[in-house]
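Taking it in order: structure first as structure tokens, then the write-up.
The values are calculated or read from the model by the stated rules, or taken from the named source; none is laboratory data. In this text, all values refer to a predicted model and were calculated from it rather than measured experimentally. Backbone-built Cβ (ideal geometry, glycine too); neighbour counts: all protein chains shown. SASA here: full protein model, heavy atoms, side chains in, ligands and nucleic acids out. Shrake-Rupley method; radii C 1.70, N 1.55, O 1.52, S 1.80 Å.
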Amino acid sequence: MKPIRIRTRRSGRRRLSTRILANQLFILTLTGVIGFVLFAFAQRAALDHAYEQRALAIAQTTAAEPQIQQAMEYGTGGDAVQTIAERIRRASGASYVVVIDLHGVRHSHPQPDLIGQPVDEPVAALDGLPHVGIDQGATGRSANGKAPLYGPTGALVGEVSAGIPERNALVELWRELPTFGVYAAIATALGSAAAYLLARRLKRTTFGLELEEIAGLLQDREAMLHGIREGVVAFDPQGRITVVNDEARRLLGLGTALGSTLEEVLPDGRLRRALDGTLTGTDVSVLTDEHCLVVNRMPVTLRGRELGAVVTVRDRTELIGLLRELDSVRGLTDALRAQQHEFTNRMHTLAGLLDIGEYDDAYEFAVGSAGAGQALTESVRKRIGNSLMVGLIVAKTTVAAERGVRIVLGDDSALGQDPPHLRRLLTIVGNLLDNAVDAAGDGPRPAGGREVRLTVTEDPDQVMVRVADTGPGIPPGTAESIFEDGWSTRPERDTARRGLGLALVHRLVQRHGGTITVSEGPGAVFTVVLPLPDTAPAPQGALFTTALPVGGER
């Protein structure tokens, strides 16, 4: 594992309080400018609305003039409409006051040559309602108001359109903006003062440390946190535990471990060797009584000086269980494929006999083939009463046959319908058969063929499982080490993690007071003895004891 190197930084930048103040001032200035611009737009919209209402009031006042009403309804009065409209326009400061009949023809206008000319847009007051908006007319852009014009009899005879120049609104807006700018400047100044006080307070809270100094103090812990998967344990240079989180206590079974060494809190074994660095490498697998763990140890150095180490621990119990279930499904698929292959061959043979007219031979062959698979199952059922164990043995036998290995159930085998240690027996038999089939299938072919012999017996005092194979056997001097998790003579295969099967069997047996032995030399023989009664039945949801692995682990 590559050591973590902690680097300290020199404080060559501006002080923390200065940077905070500068950032706050920038933010306040930016928000002040944005707020000022947004307020200016909002005020402009408000002024436009106010001037539109003023223009509408002028139009409504003009529409209420009796002489205009009479002239528009009866067509009398001569130039009275133009005279009165112009008088109102000059008095109100409007840019135009235009009286329009129902046909859209102007009867008044600041430009006399447009009188009698129709307007471009339709008459809006035909609905009898007032209208406001921004108008781009002959006199320029104006805030416009239109009011319906009624004659003396109450009939709608036209509309009055009045406009106020837009420049009037702009002039008023520019008069108001300096005041708003002063308010924004005062708010920015108050915010700057508050930012300065906040920066001083933060400076005192951090004991006068700058950002780089704080980062330097926290960098070793930050490095440790980056290595965390689930559990974390930190050691000082003397090997004493300085940090241990709750997940590490749960996974490793550590009680009050702070200040203690690993020798004081853990027994000798693969777990302790993985934690103290004796076992090197990445993702070191460790199997405990309850969990399958992955351990990584990372030394920590500062300026070439060893500061200890950080160990991260990940719980892969559920993942390994899922992978073993996947291998079980794969094994079932292999068994089905082998049966399909055998069935296809038989069908081809049967079809050939029928083609050549050998009907009697075809009948005898069909009857014999139909009973072949049933014969295997019945031969196992004669000695094994439990259906789960029967199914396991038959499936393993079918898969082994595809690899050229014959599984033979010993004549002295005898197991009841509801045997003790059932779920543990399923795991033990499955793992041992897988190992034996792998060993026999990959080893040299003996004269009698590749064979695995299984014996399962149930006595009043114990249950015994013995698995013997014709493979190369266990190397001398490794009879004890093969039961350690991670030990394997074979490479990793797809999803199956090597080195866990025998360790799992060993832990299951020892946890319940049993024994497991293995012979050295050619042709390995594994013997497992589980005592009776079964005082600690396996829980139905137990991960490792319920999985029925198919892939070998040796």
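List the pairs whose first member sits in segment 35-57 and is under 30 Å from Leu149 (Cβ atoms), whose second member is part of a helix (DSSP H, G or I), and whose Cβ atoms are under 7 Å apart, counting only residues at least 6 apart or on separate chains?
So the pair list comes out as Leu47/Ala169; Leu47/Glu172; Leu47/Leu173; Asp48/Ala169; Tyr51/Asn168; Tyr51/Ala169.
When the residues of segment 382-425 are filtered to those that are assigned to a helix (DSSP H, G or I) and not aliphatic (A, V, I, L, M), which remaining residue is farthest from Gly471 (Cα to Cα)?
Within segment 382-425, the subset assigned to a helix (DSSP H, G or I) is 387-402, 422-425.
If we keep only those that are not aliphatic (A, V, I, L, M) as well, we get 387, 391, 396-398, 402, 423-424.
Details: Ser387: 29, Gly391: 25, Lys396: 17, Thr397: 17, Thr398: 19, Glu402: 17, Arg423: 27, Arg424: 25 Å.
My answer is Ser387.
Among (1) open to solvent by 80 Å² or more (accessible area, probe 1.4 Å); (2) modelled with pLDDT of 75 or more; (3) within 30 Å of Leu266 (Cα to Cα), which single condition is Arg381 missing?
Arg381 satisfies all of (1) open to solvent by 80 Å² or more (accessible area, probe 1.4 Å); (2) modelled with pLDDT of 75 or more; (3) within 30 Å of Leu266 (Cα to Cα) except (3).
Just checking, which of Ala50, Ala46, Ala40, Ala91 is more than 20 Å from Leu114 (Cβ to Cβ), at pLDDT below 80, small (Gly, Ala, Ser) and surrounded by fewer than 20 Cβ atoms within 10 Å (Cβ to Cβ)?
Values: Ala50 fails: at pLDDT below 80; Ala46 fails: at pLDDT below 80; Ala91 fails: at pLDDT below 80.
Result: Ala40 is the single residue among Ala50, Ala46, Ala40, Ala91 that is more than 20 Å from Leu114 (Cβ to Cβ), at pLDDT below 80, small (Gly, Ala, Ser) and surrounded by fewer than 20 Cβ atoms within 10 Å (Cβ to Cβ).
Look through segment 508-539, keep the residues that are open to solvent by 70 Å² or more (accessible area, probe 1.4 Å) and under 25 Å from Ser285 (Cα atoms), and return whichever of them is modelled with the lowest pLDDT.
Just the residues of segment 508-539 that are open to solvent by 70 Å² or more (accessible area, probe 1.4 Å), to begin with: 510-511, 515, 517, 520, 522, 533, 535, 537, 539.
Subset that is under 25 Å from Ser285 (Cα atoms): 510-511, 515, 517, 539.
On the way: Gln510: 78, Arg511: 77, Thr515: 88, Thr517: 87, Pro539: 44.
Applying the filter and picking the extreme gives Pro539.
Only one of these is more than 24 Å from Phe41 (Cβ to Cβ), at pLDDT 70 or above and either open to solvent by 70 Å² or more (accessible area, probe 1.4 Å) or not in a strand (DSSP E or B) (or both): Thr153, Thr179. Name it. Walk me through it before giving the result.
Values: Thr179 fails: more than 24 Å from Phe41 (Cβ to Cβ).
Answer to the check: Thr153.
Which of the numbered conditions does Val98 fail, given that it passes all the others? Conditions: (1) more than 30 Å from Tyr183 (Cα to Cα); (2) part of a helix (DSSP H, G or I).
(2)
Might you check whether a residue that is modelled with pLDDT under 70, part of a helix (DSSP H, G or I) and either open to solvent by 70 Å² or more (accessible area, probe 1.4 Å) or in contact with a Cys (Cβ under 6 Å, 6 or more places away or on another chain) (or both) occurs anywhere in segment 205-219? Before you say what the answer is, go through the steps one by one.
As a first pass, look at segment 205-219 and keep what is modelled with pLDDT under 70: 205-211.
Next, only the ones that are part of a helix (DSSP H, G or I) stay: 205, 211.
Still in the list and also either open to solvent by 70 Å² or more (accessible area, probe 1.4 Å) or in contact with a Cys (Cβ under 6 Å, 6 or more places away or on another chain) (or both): 205, 211.
Yes, segment 205-219 contains a residue that is modelled with pLDDT under 70, part of a helix (DSSP H, G or I) and either open to solvent by 70 Å² or more (accessible area, probe 1.4 Å) or in contact with a Cys (Cβ under 6 Å, 6 or more places away or on another chain) (or both).
Output the residues belonging to segment 268-302 that are touching a helix residue (DSSP H, G or I) at 6+ places or on another chain (Cβ under 9 Å), more than 17 Å from Gln238 (Cα to Cα) and either in a loop (DSSP other than H, G, I, E, B) or aromatic (Phe, Trp, Tyr) (or both).
Hits for segment 268-302 are Leu279, Thr288, Asp289, Glu290, His291.
Modelled with pLDDT of 80 or more, open to solvent by 30 Å² or more (accessible area, probe 1.4 Å), of a type outside the set (A, V, I, L, M) and in a helix (DSSP H, G or I): does that describe Arg250?
yes
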